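Worksheet: the structure to be examined is printed underneath.
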């Protein structure tokens, strides 16, 4: 598994994303309770682990797992005053954790990067106790929901998505796939919650603009040659950023939060 968004600014970008998103609402919708033992699989720099720790309280426990030692160091620093939180290095596909260790297993913005996401999901089910909840929160169609959306820019955005998927395995439509797979795996009471990742009625704020600028610059070495070369790629990225800044345009992105109970 290769994390395609790695950059010198990635820890900051992830923390902003974690702290301004809908994780709290999603966690509560999926039934997180005080006292739960929770796995935050792919915890990044620990911003959502903060929220989970608050919601489960001192009678609960949070284990954050991530591949990146840099992210884990930041997560430990952010959560240093929370004795009921720990962080370990690990791969969501092969956690090395005992069977049935957690009441509630949470994974957000991770399986979109994992080509064998079915195997990773099975591993997350394995470490969840019978009767516990497995919750996957993922994007679906990021960056493609805009109006007005000039035809040339819409076509380029679609090609951008296809090139990224082909060259990196990143799945921009990951969110829609977990309901069927959880049902196939035999999980019970499988439910899906639709939440906004962002809704921009007018000009995007500087935080979101910076987020997209970082995405485009990080992916440039990977996809520019397949999208007409560096000059053409940068020109279309600027056109997309202008759309985000357009005070008369609507831009939105959705999350699909899928939860199921291990039998």
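Every number in this text was worked out from the coordinates using simple rules, so none of it is lab data. All figures in this text were calculated on a predicted structure; none of them were measured in a lab. Every residue, glycine among them, receives a Cβ derived from its backbone with ideal geometry; neighbour counts consider all protein chains shown.
Looking at (1) more than 22 Å from residue 33 (Cβ to Cβ); (2) in contact with a strand residue (DSSP E or B) (Cβ under 8 Å, 6 or more places away or on another chain), which is the one condition that is false for residue 108?
(1)
How many residues are assigned to a strand (DSSP E or B) and crowded, with 16+ Cβ neighbours inside 10 Å when one looks only at segment 94-107? Can you show your working first?
Residues of segment 94-107 assigned to a strand (DSSP E or B): 94, 102-107.
Checking the rest, the ones that are also crowded, with 16+ Cβ neighbours inside 10 Å come to 102-107.
Here the count works out to 6.
Are any residues in segment 157-176 buried (at least 17 other Cβ atoms within 10 Å of the Cβ) and either within 14 Å of residue 112 (Cα to Cα) or out of contact with any strand residue (DSSP E or B) (no Cβ under 9 Å at 6 or more places or on another chain) (or both), and if so, which ones? If you could, list the steps in order and put the result at the bottom.
First, pick out the residues of segment 157-176 that are buried (at least 17 other Cβ atoms within 10 Å of the Cβ): 157, 160-161, 163-164, 168, 170-172, 174-175.
Residues satisfying the conditions are 161, 163, 164, 168, 170, 171, 172, 174, 175.
Tell me yes or no: at least one residue of segment 168-175 is more than 19 Å from the chain's Cα centre (by Cα) and over 15 Å from residue 145 (Cα atoms).
No: zero hits.
Kindly indicate whether residue 256 is in a helix (DSSP H, G or I) and touching a strand residue (DSSP E or B) at 6+ places or on another chain (Cβ under 7 Å). Talk me through it step by step, then tell me what you get.
Details: in a helix (DSSP H, G or I): no; touching a strand residue (DSSP E or B) at 6+ places or on another chain (Cβ under 7 Å): yes.
When the stated conditions are applied, residue 256 does not pass them.
The conditions are (1) closer than 25 Å to residue 60 by Cβ; (2) assigned to a strand (DSSP E or B); (3) within 15 Å of the chain's Cα centre (by Cα), and residue 121 fails exactly one of them. Which is it?
(2)
Of all residues in segment 180-235, which are at positive phi and without any contact (Cβ under 8 Å) to a residue 12 or more places away in the chain? Please lay out each step first, then the result.
Keep residues of segment 180-235 that are at positive phi, which gives 186, 189, 202, 228-229.
Listed by number, the residues that qualify are 228, 229.
Look at residue 91 and say whether it is buried (at least 23 other Cβ atoms within 10 Å of the Cβ) and under 30 Å from residue 162 (Cα atoms).
Details: buried (at least 23 other Cβ atoms within 10 Å of the Cβ): no; under 30 Å from residue 162 (Cα atoms): yes.
Criteria not met by residue 91.
Quick check on this structure: which one of 112, 158, 77 is closer than 22 Å to residue 181 by Cα and either touching a helix residue (DSSP H, G or I) at 6+ places or on another chain (Cβ under 6 Å) or assigned to a helix (DSSP H, G or I) (or both)? Break it down stepwise before answering.
On the way: 158 fails: closer than 22 Å to residue 181 by Cα; 77 fails: closer than 22 Å to residue 181 by Cα.
Sole residue among the options that is closer than 22 Å to residue 181 by Cα and either touching a helix residue (DSSP H, G or I) at 6+ places or on another chain (Cβ under 6 Å) or assigned to a helix (DSSP H, G or I) (or both): 112.
Go through segment 180-207 and count every residue that is crowded, with 17+ Cβ neighbours inside 10 Å and either out of contact with any helix residue (DSSP H, G or I) (no Cβ under 8 Å at 6 or more places or on another chain) or within 30 Å of residue 237 (Cα to Cα) (or both).
Of the residues in segment 180-207, 4 are crowded, with 17+ Cβ neighbours inside 10 Å and either out of contact with any helix residue (DSSP H, G or I) (no Cβ under 8 Å at 6 or more places or on another chain) or within 30 Å of residue 237 (Cα to Cα) (or both).
Considering every residue within segment 217-226, establish whether at least one is more than 20 Å from residue 138 (Cβ to Cβ) and touching a strand residue (DSSP E or B) at 6+ places or on another chain (Cβ under 7 Å). First the steps, then the outcome.
Kept after step one, since they are more than 20 Å from residue 138 (Cβ to Cβ), are these residues of segment 217-226: 217, 220-226.
Filter again for touching a strand residue (DSSP E or B) at 6+ places or on another chain (Cβ under 7 Å), leaving none.
No, the conditions are met nowhere in segment 217-226.
So how many residues does segment 119-149 have that are surrounded by 14 or more Cβ atoms within 10 Å (Cβ to Cβ), over 16 Å from residue 179 (Cβ atoms) and touching a residue at least 40 places away in the same chain (Cβ under 8 Å)?
Qualifying residue count, segment 119-149: 9.
Find the residue count for segment 35-57, including only residues that are touching a strand residue (DSSP E or B) at 6+ places or on another chain (Cβ under 9 Å) and closer than 16 Å to residue 107 by Cα.
Qualifying residue count for the region: 16.
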